[in-house]
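What follows is a set of notes on a single structure, which appears directly below.
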There are 4 protein chains.
Amino acid sequence: MQTLTLNLASTIVDYALEKMDAINCQPLTVAVLDTGGHLLVLKRSDGSGILRPDIAIAKAWGVLGMGLGGRQLAQRAEAAPAFFAALSSISGGRIAPVQGGVLVRNDEGSLIGSVGISGDRSDVDETCAIYAIERAGLVADAG
Amino acid sequence: MQTLTLNLASTIVDYALEKMDAINCQPLTVAVLDTGGHLLVLKRSDGSGILRPDIAIAKAWGVLGMGLGGRQLAQRAEAAPAFFAALSSISGGRIAPVQGGVLVRNDEGSLIGSVGISGDRSDVDETCAIYAIERAGLVADAG
Amino acid sequence: MQTLTLNLASTIVDYALEKMDAINCQPLTVAVLDTGGHLLVLKRSDGSGILRPDIAIAKAWGVLGMGLGGRQLAQRAEAAPAFFAALSSISGGRIAPVQGGVLVRNDEGSLIGSVGISGDRSDVDETCAIYAIERAGLVADAG
Amino acid sequence: MQTLTLNLASTIVDYALEKMDAINCQPLTVAVLDTGGHLLVLKRSDGSGILRPDIAIAKAWGVLGMGLGGRQLAQRAEAAPAFFAALSSISGGRIAPVQGGVLVRNDEGSLIGSVGISGDRSDVDETCAIYAIERAGLVADAG
């Protein structure tokens, strides 16, 4: 079964930065986590803000934590603000319920990790995450 | 007087997972706490997200913390979001004001613990909690 | 490949409590975590102290965090107290460098989770953890 | 003046992992921080423990925080354990006073960031950090 090795995770990060250059968007920070929510690879582009690593990690962690892609998390956060405010505290600030957090599945559909990107508008962040995951031959689940 | 022993708490958890299978809902995490808000038993189903244990515990802790079932907590959180945001901090993130947290009472009506379930829609989580508590011969107080 | 399902994790916990009864030791709390350090099953015996769940989880988390069994963690903590004091803060209190935290490996030697037990002397806690893991047909790595 | 760009930081990380393979040591996690103590690049090798990213970052952050290499921090922590216990709390767990945290200077001697490595014995971690920094044409200050 295909799992998320360091090599594969590094490839995803580099594809995301390649996409950033191609569409000339704001400087991004890209994080890839394993299924336990632990960092495998992170790269912060020159000029990407100092909070971006924490945001990118929180986008990637949140989708694993809830088992839902960033789009669904964002919709649910709009619908139930009090619960998501509570989730922020429950998770110790580990959740960013917004686009740009994407679950990574292998060809069997098994969850093998997640990607979180922060730096531009959340839909642009998500576009780069999905591109990178698919370019790496994996399945992107943005919720 | 009937209290919440490990055996009884384990029975509640297993009934809740039995219900999960019966209604074929999303994979659940089930927590049972004593009256002090301390964990007695927790089981996380295969495929249940990594934040689910903290959410299930927070649902169970919150109902004990306020002495109100999850339904009332959810209604109050909608009505007074600023206060519940404060409660989140006051409790150190121990409260999840949403359905799925249920107080457990014995046949004398005495509080003996609580159940918290997370994994599916909060009303489904609550259904499994109430089923399990009553199936164990106890009184479920969902607020 | 054999992984740590809820059923298997539950079996380990129940074997540990069976051992507790057999040797008539102090009431134990037993936790089983997946490889990401997230709780799969926890049971706290009647009379086991209210901090025991956190200690059991920290024993199990610490061995995963460092990739070393509890015995080695204990030895290293004796040898480098300042570093382990720092590790306590770095990990947010997630590490208990003492016997009773045991890595769980499958027959291929792959890490599939960990067990942490707290309640009696740490060597007794460890004995119950090793017994339970091996009784479940898995490999116990106590470091 | 030479600064620590993402490209340069990535090069350092990859040289460190190249060294890991060359000496066949334990799987390492390598972090590179900018002068503000914020993550630029992190890579965690397959099999490196889940706490390793936090330790690697704390090694790199600690040397920046005190303006001293990991060797000096380790010596001072042995000599003044109470003070370093306080520093752990003061820094919110951001300091790991042990070898493996190395300041990065440019050819003018200006501080441009730091490297932290965790996974093997701390002297081995440091060896890989120094190798990588010098291989990248920069000055390694291990204290």
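Identify all residues within region D:46-62 that are modelled with pLDDT of 95 or more and either under 24 Å from A:Gly49 (Cβ atoms) or surrounded by fewer than 21 Cβ atoms within 10 Å (Cβ to Cβ) (or both); write none if there are none.
If the condition is that a residue be modelled with pLDDT of 95 or more and either under 24 Å from A:Gly49 (Cβ atoms) or surrounded by fewer than 21 Cβ atoms within 10 Å (Cβ to Cβ) (or both), then D:Asp46, D:Pro53, D:Asp54, D:Ala56, D:Ile57, D:Ala58, D:Lys59, D:Ala60, D:Trp61, D:Gly62 are the ones that fit.
Could you list all residues from region D:1-36 that are in a loop (DSSP other than H, G, I, E, B) and open to solvent by less than 10 Å² (accessible area, probe 1.4 Å)?
Selection gives D:Leu28 alone.
Please tell me if B:Gln99 is at pLDDT 95 or above, over 21 Å from C:Lys43 (Cβ atoms) and in a helix (DSSP H, G or I).
no
Any residue at all in region B:24-32 that is under 17 Å from B:Ile130 (Cα atoms) and without any contact (Cβ under 8 Å) to a residue 12 or more places away in the chain?
Scanning region B:24-32, I find at least one residue that is under 17 Å from B:Ile130 (Cα atoms) and without any contact (Cβ under 8 Å) to a residue 12 or more places away in the chain, so the answer is yes.
Quick one: which of C:Ser110, C:Ser118, C:Ser89 is open to solvent by less than 20 Å² (accessible area, probe 1.4 Å) and among the small types (Gly, Ala, Ser)?
Matching residue, one of C:Ser110, C:Ser118, C:Ser89: C:Ser118.
With respect to D:Asp46, determine if the residue is in contact with a helix residue (DSSP H, G or I) (Cβ under 6 Å, 6 or more places away or on another chain), at negative phi, assigned to a helix (DSSP H, G or I) and of a type outside the set (A, V, I, L, M, F, W, C).
no
Of the conditions (1) assigned to a loop (DSSP other than H, G, I, E, B); (2) within 14 Å of the chain's Cα centre (by Cα), A:Leu73 satisfies every one except a single condition; which number is it?
(1)
Kindly indicate whether C:Gly100 is in contact (Cβ under 8 Å) with a residue 60 or more places away in the chain and not charged (D, E, K, R).
no
Looking at region A:107-119, which of its residues are in a loop (DSSP other than H, G, I, E, B) and touching a Gly at 6+ places or on another chain (Cβ under 9 Å)?
A:Asp107, A:Gly119 - these are the residues of region A:107-119 that are in a loop (DSSP other than H, G, I, E, B) and touching a Gly at 6+ places or on another chain (Cβ under 9 Å).
For region C:38-97, which positions are of a type in the set (Ser, Thr, Tyr), more than 7 Å from every other protein chain (Cβ to nearest Cβ) and under 18 Å from C:Met20 (Cβ atoms)?
Matches in region C:38-97: C:Ser48 only.
Tell me which residues, restricted to region A:124-142, are over 13 Å from A:Ile23 (Cα atoms), open to solvent by 40 Å² or more (accessible area, probe 1.4 Å) and part of a helix (DSSP H, G or I).
A:Glu134, A:Arg135
The values are calculated or read from the model by the stated rules, or taken from the named source; none is laboratory data. Quick caveat, the model's predicted, so the values are computed rather than measured. Neighbour counts run over all protein chains shown; Cβ positions are idealised from the backbone, glycine included. Heavy atoms of the whole protein, side chains included, go into the accessibility calculation; ligands, DNA and RNA do not. Shrake-Rupley method; radii C 1.70, N 1.55, O 1.52, S 1.80 Å.
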